[in-house]
Amino acid sequence: MKQDKNKVLTEQQVERRKAISDFLKSLIFPVILLAIIAGAIFFVVTYQGREIEEEVIQPRAYAGDETPVVLENEYLTLTMDPATTQFELLVKESGKVWRSNPEGADSDSLALPEEKDKLMSPLVMSFNTETGLETTYSAYEYSVKNGIYEITADSDSIRVDYSLGNVEKEFVIPPVCTAKAFDAWCDKMSKEGLNVVQQYYKKYDINKLKKKDNKEELLASYPILETEPIYVLRDTTKDNVKKTLQKYFEEAGYTYEDYLADKELDLSESTSDKPIFNVSVIYRLDGEDLITEVPLKDLEFKEEYPIYTLSVLPFFGAGGKEDEGFMVVPEGGGALINFNNGKVSQNSYYANIYGWDMCIRRDAVVHNTRATYEAYGISDTENAFVCILEDGKSYAAVRADIAGKNNSYNYVNALYSICQREEYDVGDIANSQIFKYQTDLPEENLVQRYCFVESGSYVDMAKEYADYLQDKYGSYLALNTDTSVPVAIEMVGAVDKVKQIVGVPVSRPLPLTTYEEAEELITQLHEDGITNLSVKYTGWCNGGVKQKLFKKAKTIHSLGSKKDLQNLSQTASDLGVNLYLNGVTQYEYDSNLLDGFFSYRDAAKLISKERAELHQYSAVTYALREGTDPFFLLHTELAQKMSDHLVEVCNDYGTGVSFEDDGKDLAADYYKKNFYSRESVLKLQEQRFKEINDSGTKLMVNMGNDYAVPYASMVTNMDLRGNDYTILDECIPFYQLAIHGYIEYTGFSVNVCGNDVQQVLLSAEYGAGLQFTLMKETPFALQKTLYTEYYGADYDAWNERMLEIYNRYNKELGHVYDQEMTGHVNLSATLSCTTYADGTKVYVNYDYEDATADGITVPARDYLVMR
């Protein structure tokens, strides 16, 4: 009985303990919740009341030394005026003196005061606000005049640290002064001076404070107050009054040393909401070249006033209204703007290096500006310089203008975009524009190299640029051994076309040139005598030309099997034809989860942190093109993987690698967790091209930015002439003068460019090979598609004409492709002459009438080769 009783007690204890345990478990969540709430309350109480420290930009101070600062080596002497930071650069061999800023700029009758300040500034910058309002600051107006800059020199460099802004002027009067000292100064003043001074100073005595005086704040600002009475300059005192006070104190014997001693008594922090910026420029002499450098890490600015643009030496070598000369700009292969050409009603020249950054939003496209190489220059007809943008060039645009507009000088310079911006759509809640800025700058530098030429010829300027490229790239730019014209053939595999399947519209690949047909075409072209042949096979996988994500290379069933593609590669190899498989690696088209693409994870991010969704734009309305689907720019790391995968696939098939976008398009990625600047993406692309070249795999790039060209076996679609801006006076093959004979390149496809004769003439003048775009299918198959650009690509329709163009071109020009281009001259607006190392001259007549030059007649719309 006793045991039963104990058993019952034991069971009761177990149940009691279980009930207690359940109760305690039920309290876990409320306790955790209370802890979180308590933590939140603690955080709010502790931190909410704290004021965010205002960012203070400390301005520099000019020491006042008037001794010229000199930097010298065997070839150059740079002499800087410390009072203005302007300098002269002597080229010792020629005796030519180049100036950072034009002489007489301060007396330019055409320039307004603000424009004069720019002309006298070695540095000009602009900043923005949240609403997009842009304001320009020149170093002369906002730094030199205010004396807020420092110059540091050593044997290798001169560094100028500018502070730019509307800072308070310094007056030699006591901001704070002990009562004893103040009375002593007053005793030495005239009665008039005493009456004025006493009005603008307030006396404080720790034992006689008024009710509204905050004792703690006063002691924090003026610790001396604890031991003796003081006088403090009133905050409301204006500059004109301070100037008057300075006069009276000076008469009393008050010195700058007294001022510095009194300043130490003032511990009050006065901050200003006026924008102020710190920018450093470093000058170096590197052999025969001048180097300028702006370290981005040393840029200082308030977040609400981000630096938007920056230009270093914007008027270096500028020519005046009475000077002769020209500017070289990187439009197409190159272009000249003559000094004082009178086109004052035309827009100034402007071109983005490497085109638009696709990770910056835009709602319409009126015109795309693009320069594929990074050099510009000025010639005064006897001497010249070439400025080569080195580090930071992907942020730059080249701009140029003539005298007679805003000032009396002809100039060309680089304008860098510093803090990129993007406009928010706030139309429903605000009338003004609101912009978001990328203010976290990478630790990079903006570097410009000035190379000096003892000649006024643009050919000699181009050869100076060629020497620079040879020094930089070495064996990657080796003279080739071509004995015939390089020909590039783009074969179009498949495009997408909407078909009705069981009454449902579905996009399916439309075969235009199957693998077997491509093999037959290559064989036929080889038999027709085209020997130096490179074939780019576009639209061969992943849905066709509008390629899906390149995670896997899926051959297109309607084009054939993998075996057929392998046979194509083998045939090309046997015939000595360079076959390249073309791939899109920076973008995705019509991809989904089944293709391995999830836009919220895989798309690049805009500055607003939205996905980089892109669109095609109409050439007629400039707005979004109707009937087209959006596509995405890929996150940089994913794009790199896609590029690597394309290389692997091409190696597996034994072909060369052709990039549709790498080497042409260059975009940043503002992904918060892993930001890639445009310059860092450039270096990633360049490193890949170098690795491909080093591996022995042939590389083809589209259009060809300068950092890709040295590593490429073939560059297609090079924009030879660029845009015919009215301000331009001549088009020249500046870039081609530097690379011809070292790199194979072509212009646009002759048969689909819209004007085959014009394209052949351009190719003849610029020393380019020939390119054609071909497909085996007829153009009728492209009806009801968006691929009208291929209407002229019918092989059967173009074969005879193509061979006619090639045979003549190769017969007359095939021998020059292993030679340097040594000369070029525009004999008239429509007649040019290009010269090669062996003396061959190629005359090109763009006019519709025959032209005569050098005793020979060049037929209308034709070229003539003289050996």
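The values are calculated or read from the model by the stated rules, or taken from the named source; none is laboratory data. What you see is a predicted model; the values in this text were computed from it and never measured. Heads up, the Cβs are rebuilt from the backbone with ideal geometry, glycines too, and the neighbour counts pull from every protein chain shown. These accessible areas exclude ligands, DNA and RNA; they are computed on the full protein's heavy atoms, side chains included. Shrake-Rupley method; radii C 1.70, N 1.55, O 1.52, S 1.80 Å.
Look through segment 289-311, keep the residues that are acidic (Asp, Glu) and part of a strand (DSSP E or B), and return whichever of them is farthest from the chain's Cα centre (by Cα).
Asp289
Going through segment 500-512 one residue at a time, which ones are under 30 Å from Asp528 (Cβ atoms) and assigned to a loop (DSSP other than H, G, I, E, B)?
Answer for segment 500-512, where residues must be under 30 Å from Asp528 (Cβ atoms) and assigned to a loop (DSSP other than H, G, I, E, B): just Leu512.
Results for (1) open to solvent by 20 Å² or more (accessible area, probe 1.4 Å); (2) under 21 Å from Thr773 (Cα atoms); (3) in a loop (DSSP other than H, G, I, E, B), shown as yes or no for each residue.
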{"residue": "Ser534", "(1), (2), (3)": "no, yes, no"}
{"residue": "Tyr537", "(1), (2), (3)": "no, yes, no"}
{"residue": "Gly544", "(1), (2), (3)": "no, yes, yes"}
{"residue": "Gln547", "(1), (2), (3)": "no, yes, yes"}
{"residue": "Thr571", "(1), (2), (3)": "yes, yes, no"}
{"residue": "Tyr600", "(1), (2), (3)": "yes, no, no"}
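If you go through segment 763-799 one residue at a time, how many are basic (Lys, Arg) and either open to solvent by less than 20 Å² (accessible area, probe 1.4 Å) or at pLDDT 95 or above (or both)?
Counting residues in segment 763-799 that are basic (Lys, Arg) and either open to solvent by less than 20 Å² (accessible area, probe 1.4 Å) or at pLDDT 95 or above (or both) gives 1.
What pairs come out if I take residues in segment 630-646 that are over 15 Å from Gln547 (Cβ atoms) and pair them with residues that are crowded, with 16+ Cβ neighbours inside 10 Å and of a type in the set (Asp, Glu) whose C-beta lies under 9 Å away, six or more apart or interchain?
Correct list of pairs: His635/Asp602; His635/Asp669; Thr636/Asp669; Glu637/Asp669.
Which residues, taken from segment 84-102, are in a loop (DSSP other than H, G, I, E, B), surrounded by fewer than 23 Cβ atoms within 10 Å (Cβ to Cβ) and either β-branched (Val, Ile, Thr) or at pLDDT below 95 (or both)?
Matches in segment 84-102: Thr84 only.
Looking at Ala829, is it of a type in the set (A, V, I, L, M, F, W, C), surrounded by fewer than 18 Cβ atoms within 10 Å (Cβ to Cβ) and modelled with pLDDT of 95 or more?
Considered against the rule, which asks whether it is of a type in the set (A, V, I, L, M, F, W, C), surrounded by fewer than 18 Cβ atoms within 10 Å (Cβ to Cβ) and modelled with pLDDT of 95 or more, Ala829 comes out as yes.
For a quick check of your reading of the model, give me the residue pairs whose first member lies in segment 837-858 and is of a type in the set (S, T, N, Q), whose second is assigned to a loop (DSSP other than H, G, I, E, B) and surrounded by fewer than 16 Cβ atoms within 10 Å (Cβ to Cβ), with beta-carbon atoms closer than 7 Å and at least 6 apart or on different chains.
Pairs that qualify, where the first residue is of a type in the set (S, T, N, Q) and the partner is assigned to a loop (DSSP other than H, G, I, E, B) and surrounded by fewer than 16 Cβ atoms within 10 Å (Cβ to Cβ), are Thr840/Arg867; Asn845/Pro859; Asn845/Ala860; Thr857/Asp850.
Among the numbered criteria (1) of a type in the set (Lys, Arg); (2) more than 30 Å from Asp106 (Cα to Cα); (3) modelled with pLDDT of 90 or more, which single criterion is violated by Arg449?
(2)
Could you count how many residues in segment 707-716 are open to solvent by 10 Å² or more (accessible area, probe 1.4 Å) and under 14 Å from Ala371 (Cα atoms)?
0
Within segment 456-471, how many residues turn out to be in contact (Cβ under 8 Å) with a residue 40 or more places away in the chain and part of a helix (DSSP H, G or I)?
11
I'm trying to understand the selection: among the residues of segment 390-434, which are modelled with pLDDT under 85 and within 26 Å of Leu682 (Cα to Cα)?
Matches in segment 390-434: Glu423 only.
Within segment 405-425, identify whether any single residue is in contact with an Asp or Glu (Cβ under 9 Å, 6 or more places away or on another chain) and farther than 28 Å from Leu123 by Cβ, and answer yes or no.
Within segment 405-425, none of the residues are in contact with an Asp or Glu (Cβ under 9 Å, 6 or more places away or on another chain) and farther than 28 Å from Leu123 by Cβ.
Report, by residue number, each residue of segment 312-322 that is surrounded by fewer than 23 Cβ atoms within 10 Å (Cβ to Cβ) and among the small types (Gly, Ala, Ser).
Gly320 - this is the single residue of segment 312-322 that is surrounded by fewer than 23 Cβ atoms within 10 Å (Cβ to Cβ) and among the small types (Gly, Ala, Ser).
Across segment 573-598, what is the total count of residues that are hydroxyl-bearing (Ser, Thr, Tyr) and either touching a Pro at 6+ places or on another chain (Cβ under 9 Å) or exposed (fewer than 15 other Cβ atoms within 10 Å of the Cβ) (or both)?
Counting residues in segment 573-598 that are hydroxyl-bearing (Ser, Thr, Tyr) and either touching a Pro at 6+ places or on another chain (Cβ under 9 Å) or exposed (fewer than 15 other Cβ atoms within 10 Å of the Cβ) (or both) gives 1.
Could you list, in sequence order, the residues of segment 323-370 that are modelled with pLDDT under 95, among the β-branched types (Val, Ile, Thr) and open to solvent by 50 Å² or more (accessible area, probe 1.4 Å)?
Val366
Considering Val760, Val750, which residue is closer than 30 Å to Tyr843 by Cα, in a loop (DSSP other than H, G, I, E, B) and either open to solvent by 20 Å² or more (accessible area, probe 1.4 Å) or of a type outside the set (Ser, Thr, Tyr) (or both)?
Answer to the check: Val750.
If I go through segment 753-771 residue by residue, how many of them are at positive phi and under 29 Å from the mean Cα position of the chain (by Cα)?
Looking only at that region, the number is 1.
Is segment 627-642 home to any residue that is surrounded by 20 or more Cβ atoms within 10 Å (Cβ to Cβ), acidic (Asp, Glu), under 24 Å from Leu296 (Cβ atoms) and modelled with pLDDT of 95 or more?
Scanning segment 627-642 turns up no residue that is surrounded by 20 or more Cβ atoms within 10 Å (Cβ to Cβ), acidic (Asp, Glu), under 24 Å from Leu296 (Cβ atoms) and modelled with pLDDT of 95 or more.
List the number of the failed condition for Ser107; all other conditions in (1) under 30 Å from Gly320 (Cβ atoms); (2) in contact (Cβ under 8 Å) with a residue 40 or more places away in the chain; (3) open to solvent by 10 Å² or more (accessible area, probe 1.4 Å); (4) among the polar types (S, T, N, Q) hold.
The failed condition is (2).
How about segment 313-426: which strands (runs of 3 or more DSSP E) wholly inside it have at least 1 residues that are under 15 Å from Leu728 (Cβ atoms) and charged (D, E, K, R)?
Per the criteria, 396-401.
Is it true that some residue in segment 637-647 is charged (D, E, K, R), within 26 Å of Thr439 (Cβ to Cβ) and more than 21 Å from the chain's Cα centre (by Cα)?
No: zero hits.
How many of the residues making up segment 483-499 are in a loop (DSSP other than H, G, I, E, B) and open to solvent by less than 20 Å² (accessible area, probe 1.4 Å)?
Of the residues in segment 483-499, 4 are in a loop (DSSP other than H, G, I, E, B) and open to solvent by less than 20 Å² (accessible area, probe 1.4 Å).
Are there any pairs, at least 6 apart or on different chains, whose C-beta atoms fall under 7 Å, with the first in segment 132-159 and surrounded by 15 or more Cβ atoms within 10 Å (Cβ to Cβ) and in a loop (DSSP other than H, G, I, E, B) and the second among the aromatic types (Phe, Trp, Tyr) and modelled with pLDDT of 95 or more, and if so, which?
So the pair list comes out empty.
With respect to Leu720, is the statement that it is under 30 Å from Gly474 (Cβ atoms), crowded, with 20+ Cβ neighbours inside 10 Å and in contact (Cβ under 8 Å) with a residue 60 or more places away in the chain true?
Yes: the conditions hold for Leu720.
Taking segment 650-693 on its own, how many of its residues are open to solvent by 10 Å² or more (accessible area, probe 1.4 Å), closer than 27 Å to Met491 by Cα and in a helix (DSSP H, G or I)?
Residues in segment 650-693 being open to solvent by 10 Å² or more (accessible area, probe 1.4 Å), closer than 27 Å to Met491 by Cα and in a helix (DSSP H, G or I): 8 in total.
Would you tally the residues in segment 195-218 being without any contact (Cβ under 8 Å) to a residue 40 or more places away in the chain, part of a helix (DSSP H, G or I) and surrounded by 15 or more Cβ atoms within 10 Å (Cβ to Cβ)?
1
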